[in-house]
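The values are calculated or read from the model by the stated rules, or taken from the named source; none is laboratory data. Because the structure is a prediction, the values reported are computed rather than measured. Using ideal geometry, Cβ is built from the backbone for each residue, glycine included, and neighbour counts are taken over all protein chains shown. Side chains included, ligands, DNA and RNA excluded: accessible areas come from the protein's heavy atoms. Shrake-Rupley method; radii C 1.70, N 1.55, O 1.52, S 1.80 Å.
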Amino acid sequence: ARQPRRPAGPLKSEPRKRPSSALMHSFWQRLNALFFYTLSVLGFLAFMAAVSTHFHRAEPKVELNLERILLRKIYGPGHDQAILSLGINADLRSVFNWNVKQLFAFVTAEYETEANVLNQVVIWDAVISDKEQAWIRSDFVVNKYSLTDQGYGLRDNNVTLVMNWNTVPATGLLTLSHAFDQVHRFQVPSTYS
C-alpha cells in the first residue's frame, strides 16, 4: 500500500479558532442582559400583583340627600345656576385593598335638556388617601362647583345625584366606578330664588 506523500518543508501549525459561543462577553453586554432580565421579572411581578386584586368586589354604601337648593338666573351669559347643599354618607372603605393607592371620589348631577340627552356636572369631589378617610359623613356640604346649565334648562327639571370614584392602584389599571343603585333624585324648583 502506498503511503501519502508529505509536503516538503517544515510543518506550520495554524492557530485554532474558538467557536463564537466561547468568546467572552463584554461588561456592557453582561450588564444589559442583567438589566433586561431584572426588568422582565419586575414586569411579571407587577402584572401578577394587578391580577391578584382584579377579582376584589367592593360593596360601598352610599346615601346622598339634597338639603337645600338655590336656583339663580344668570343674565349676562344666559344660563341657570343652582347652588346645592348636600348630605353625604358614603362608606367606601370596602373599595380599599392592599393595591389601592388612593381614591378620587366625586358626586355628579345628571339631567336631560332639549339640547343634550345627558348632562353630567361634577358638583363635589375629594381625594381619599387611606381607608380611615374613606367613610365620608357630612350632613351639610355646599357644592364645590355650582350646577350650571348651558342655557335655561335647569328650572323644573329632574336631577339625579350619583356618587362616582376612580381607584388609583399602586400597580394596574385606573378604574372608574359608579353607585348607580344608590342615587338621589330631586326636582329643581320652577321659580328662581
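So Asp80 ticks every box in (1) open to solvent by less than 40 Å² (accessible area, probe 1.4 Å); (2) among the charged types (D, E, K, R); (3) in contact with a Pro (Cβ under 7 Å, 6 or more places away or on another chain) but one. Which box is left unticked?
The number of the failed condition is (3).
Looking at (1) open to solvent by 90 Å² or more (accessible area, probe 1.4 Å); (2) of a type outside the set (Lys, Arg); (3) modelled with pLDDT of 90 or more; (4) assigned to a helix (DSSP H, G or I), which one does Asn32 not meet, given that it meets all the others?
(1)
Name every residue in the range 147-164 that is part of a strand (DSSP E or B), within 22 Å of Ala115 (Cβ to Cβ) and of a type outside the set (A, V, I, L, M, F, W, C), in order of residue number. Outline the logic, then answer.
Step one: filter the range 147-164 for residues part of a strand (DSSP E or B), giving 147-148, 158-164.
Filter once more, keeping what is within 22 Å of Ala115 (Cβ to Cβ): 147-148, 158-162.
Thr148, Asn158, Thr160 - these are the residues of the range 147-164 that are part of a strand (DSSP E or B), within 22 Å of Ala115 (Cβ to Cβ) and of a type outside the set (A, V, I, L, M, F, W, C).
Do we have Leu176 as buried (at least 17 other Cβ atoms within 10 Å of the Cβ) and either on the phi < 0 side of the Ramachandran plot or at pLDDT 90 or above (or both) here? Break it down stepwise before answering.
Working: buried (at least 17 other Cβ atoms within 10 Å of the Cβ): no; either on the phi < 0 side of the Ramachandran plot or at pLDDT 90 or above (or both): yes.
No; evaluated as a whole, the condition is false for this residue.
Condition first: within 13 Å of Ile88 (Cα to Cα), aliphatic (A, V, I, L, M) and in contact with a helix residue (DSSP H, G or I) (Cβ under 8 Å, 6 or more places away or on another chain). Can you find one or more residues in the range 150-162 that meet it?
As a first pass, look at the range 150-162 and keep what is within 13 Å of Ile88 (Cα to Cα): 161-162.
Retained after the next criterion (residues that are aliphatic (A, V, I, L, M)): 161-162.
Narrowing further to those that are in contact with a helix residue (DSSP H, G or I) (Cβ under 8 Å, 6 or more places away or on another chain): none.
No, the range 150-162 contains no residue that is within 13 Å of Ile88 (Cα to Cα), aliphatic (A, V, I, L, M) and in contact with a helix residue (DSSP H, G or I) (Cβ under 8 Å, 6 or more places away or on another chain).
List every residue pair whose Cβ atoms sit under 6 Å apart, with the two residues 6 or more apart in sequence or on different chains, where the first one lies in the range 109-125 and is closer than 14 Å to Val183 by Cα and the second, anywhere, is open to solvent by 100 Å² or more (accessible area, probe 1.4 Å) and in a strand (DSSP E or B).
Taking only residues 6 or more apart or on different chains, the pairs are Glu110/Gln120.
Only residues in the range 89-100 that are within 15 Å of Leu174 (Cβ to Cβ) count as the first member; pair them with residues that are among the aromatic types (Phe, Trp, Tyr), Cβ under 7 angstrom, at least 6 apart or cross-chain, and list the lot.
Val95/Trp165
Within the group Arg93, Arg68, Arg72, Arg57, which residue is over 20 Å from Val122 (Cα atoms), at pLDDT 90 or above and either open to solvent by 60 Å² or more (accessible area, probe 1.4 Å) or of a type in the set (Ser, Thr, Tyr) (or both)? Don't jump to the end; show me each part of the working.
Numbers: Arg68 fails: over 20 Å from Val122 (Cα atoms); Arg72 fails: over 20 Å from Val122 (Cα atoms); Arg57 fails: at pLDDT 90 or above.
After applying the criteria, what remains is Arg93.
Does the range 133-157 hold any residues that are touching a residue at least 40 places away in the same chain (Cβ under 8 Å), open to solvent by 40 Å² or more (accessible area, probe 1.4 Å) and either touching an Asp or Glu at 6+ places or on another chain (Cβ under 8 Å) or among the acidic types (Asp, Glu) (or both), and which are they?
Selection gives Trp135, Asp139, Phe140, Thr148, Tyr152, Arg155.
Which one is farthest from the chain's Cα centre (by Cα), of the residues in the range 96-122 that are surrounded by 15 or more Cβ atoms within 10 Å (Cβ to Cβ) and of a type in the set (A, V, I, L, M)? Can you show your working first?
Kept after step one, since they are surrounded by 15 or more Cβ atoms within 10 Å (Cβ to Cβ), are these residues of the range 96-122: 96, 99-100, 102-111, 113, 119, 121.
Narrowing further to those that are of a type in the set (A, V, I, L, M): 100, 103, 105, 107, 109, 121.
Numbers: Val100: 10, Leu103: 8, Ala105: 11, Val107: 16, Ala109: 20, Val121: 19 Å.
Out of the qualifying residues, it is Ala109.
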